[in-house]
Amino acid sequence: MTVSNEYLSHWAEIREVIPHTAIEYTFRMAYQGAVQPGQFFQVSIPKYGEAPISVSGIGEGTIDLTIRRVGRVTNEVFERYAGERLFLRGPYGIGFDVELYRGREVVIVAGGTGVSPVRPVIEHFYWHPELGRKVSLIAGFKSREDILFAEDFTRWQEQMDVILTVDNNNGDPDLRQGLVTEYIPALAIADPARAAAIVVGPPAMMRFSIQALLRRGIAEENIWVSYERKMCCGIGKCGHCKIDDVYVCLDGPVFNYTRAKDLAD
Amino acid sequence: MGYRLSTDAMNQVLAELGKQYAIYAPKCYPGGNTFSEVDCIRYGEVHTVEEIETERKSDYSFKELLLPFSETLFFFTENTIQEASVIEKDMVIFLRSCDLHAVRRLDEIYLRNGLPDFYYQRLREKVQFVLIGCPAAFDSCFCVDMGTNRSDNYDAAFELRGGQVYMAARHPQWEALLRQYGEPVEGFAPSYVTETPTRVSIPADLSPAVAKSTVWDEYDKRCIGCGRCNYACPTCTCFTMQDIYYTDNAKAGERRRVAASCMVDGFTDVAGGGSYRKKHGERMRFKVLHKVYDFKQRNGYQMCVGCGRCDDVCPEYISFSAILNKLEEAMQEVRGDGQQ
Ligand code: SF4
Ligand code: SF4
Ligand code: FES
């Protein structure tokens, strides 16, 4: 029996580089093949190595990968431009099944880089508003300088309720200030028992957001989360992503909250 | 069928096999232990029976033959990727019953948990296993309680008794060789251990709730997070990817995978700065539950094979088997029915 070598990456061409902040850029990559929102690729970042990057956009023949420069880590990739290439393998993992949200109210709460994995879900409902009932998006960043996909937020407002907030607006009256959790109690939800929620972000933000959503009457089985973990293989071998008996790379990164709530790191 | 051979005849068998196979067995490396002048017993290539260490337990297992501590996966330049080639020879590995059971655990992760692993698979299919009969347990062994003391899925079995070699064959190649060099004996079966000095019992109702117990706290200080227990364990399979760039060509290099330990700092660090299980006690809980709970939840049988190597290797004299025996009390504590 010969098995294929899953560790060998393939070149993908960089079609476009979209800067968001001083340290975060979206690379629009040429890509043919099926990808689910919430899935991730193992991306070879020159001088750093491989890192799991969620798809932040799915286009016609392209995928978006939003990559953050961390220390020495991801520096060199930012010197790459359209026409150059990156090594990729994937997609891996279980993502969001947007069919589950068809015809329902959907509340999306995302913090910081947590916006990346849910962006394809938001785009799905932006382009197909008839498939949802109503989408509410609450997104939080540390400050104005940290906001990702700023132009998208303006566009999304055409189709959905968008609350964009920063932890500290430095006195800027145009920016809402406060944690995402503060906006959950007042959210207009017509039918909480049937509404679905998606929560992605730093651990503490996820914990408090879920508590607030549960208090609004959203059922545990109607909440989905996506976990960010260290991943060296993406295929259930390296062990870095394991929590209890779950491998985040295989069984996630997207989990229904009924499964996620008992997982203890 | 069983066979008896003189050591000379067995050496001829090994020489014959050596034409096609690299033969690996536990060997004694005098003064080869990393943290003292004592002998280190680990796997190496052997050509004669005399080189095989059968009296003492190996400090490190056969694992590194299938999962090298550091393994080059491929070589890259800016535009190309070239898969690392595989060793030419097939392998024969001599190992005890606990370790043969450990092979099943490695297969579980590397062949069945998610997509199969190309590098493991291509080595694995080259291997024949020779069971080393095990007449008596060592101090820290608890294979009987883990159900790993007997094996019958070997290609051949080997045991030294009174200066003579006894063998049993299941693989036709071995059968042919032994018929040629040995003399048939009725009823030879490799010895196996039926009792161990160390005993463990794992509570039937063990659950992740045990994380809340205070038993883990003492390891915050006692465990130094060195990872030796993982590196010595025949069932630990984790690795970290490393890209190495060559100094003479900064755009070329190789990607390696290197053994990793869930007890060592950095195991869970994500690029954005997050990190989980910062306390050593939390890491101990994670490791223990993986070995005797999570793996079973996922795969239906326990991961730990009771070889006791983690106890033998720990520089802080932390005993894994002693922790297993504290789990009952820890469960009582979290159930709230223990005496406080
Ligand atoms: S956990 Fe310890 S006793 Fe169990 S298989 Fe690993 S090294 Fe052996
Ligand atoms: S060998 Fe001992 S000290 Fe080192 S990580 Fe394991 S339990 Fe901790
Ligand atoms: S990323 Fe390696 S096991 Fe999940």
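No value in this document is a laboratory result; all are computed from the given coordinates. Owing to the predicted nature of the structure, the values given are computational and were not obtained by experimental measurement. Every residue, glycine among them, receives a Cβ derived from its backbone with ideal geometry; neighbour counts consider all protein chains shown.
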Bin width 5 Å, alpha-carbon pairs only: give the P(r) of the range A:155-216 as whole percents, running from 0 to the bin holding the largest distance.
-> 4, 15, 22, 25, 21, 11, 3, 1
In degrees between 0 and 90, to the nearest 10, how far off the longest principal axis of chain A does helix A:115-127 point, with axes built from Cα atoms?
-> 70
Could you pull the Rg and Dmax for the protein assembly as shown, using just the Cα atoms, both in Å?
-> 27.7, 94
Using alpha carbons only, how many degrees (0 to 90, rounded to 10) separate the axis of helix A:203-215 from the longest principal axis of chain A?
-> 30
Quick one: which residues, 5+ away or cross-chain, put their amide H under 5 Å from the amide H of residue A:56? H built at 1.01 Å from N.
-> A:64, A:65, A:66
Could you pull out the trypsin sites (Lys or Arg not before Pro) across the range B:1-56 that fall in loop regions by DSSP (anything but H, G, I, E, B) with no more than 11 other Cβ atoms inside 10 Å?
-> B:19, B:56
On alpha-carbon atoms, Rg over Rh for chain B using Kirkwood Rh?
-> 1.00
From other protein chains only, count the Cβ atoms within 10 Å of every residue's Cβ in B:118-125, then give the mean.
-> 3
Point-charge dipole on Cβ atoms (K/R +1, D/E -1) for the range B:113-238, about Cα centre, debye to 20 | 320
Using the Kirkwood radius built from alpha carbon pairs, what does the Stokes-Einstein equation give as D for chain A at 20 °C and 1.002 mPa s, in µm² per second?
-> 113
Assuming a viscosity of 1.567 mPa s and a temperature of 4 °C, what translational diffusion coefficient in µm² per second does Stokes-Einstein assign to the range A:10-92, Rh being the Kirkwood radius over Cα pairs?
-> 104
Calculate, axis by axis, the spread of Cα positions in the range A:123-265 along the three principal axes, and write the results as whole Å, longest axis first.
-> 48, 36, 30
Rounded to the nearest 20 debye, dipole of the protein assembly as shown from Cβ charges on Lys, Arg, Asp, Glu | 500
Rg(Cα) of the range B:83-191 divided by 2.2 N^0.38 Å?
-> 1.22
Proximal lysines to residue B:251, defined as alpha-carbon separation beneath 27 angstrom and excluding residues fewer than eight positions away on the same chain | A:47, A:230
Taking every residue in A:3-11, how many Cβ atoms of other protein chains lie within 10 Å of its Cβ, on average?
-> 6
In the range A:123-174, which trypsin sites (Lys or Arg not before Pro) are in a loop and have at most 13 other Cβ atoms within 10 Å, using DSSP for the loop call?
-> A:142
Mind putting a number on the dipole of chain A about its Cα centre? Charges go on the C-beta only, +1 for Lys and Arg and -1 for Asp and Glu, and I need it in Debye to the nearest 20.
-> 380
Can you pull out the chymotrypsin sites (Phe, Trp or Tyr not before Pro) in the range B:218-256 that DSSP calls coil and that have at most 14 other Cβ atoms within 10 Å?
-> B:246
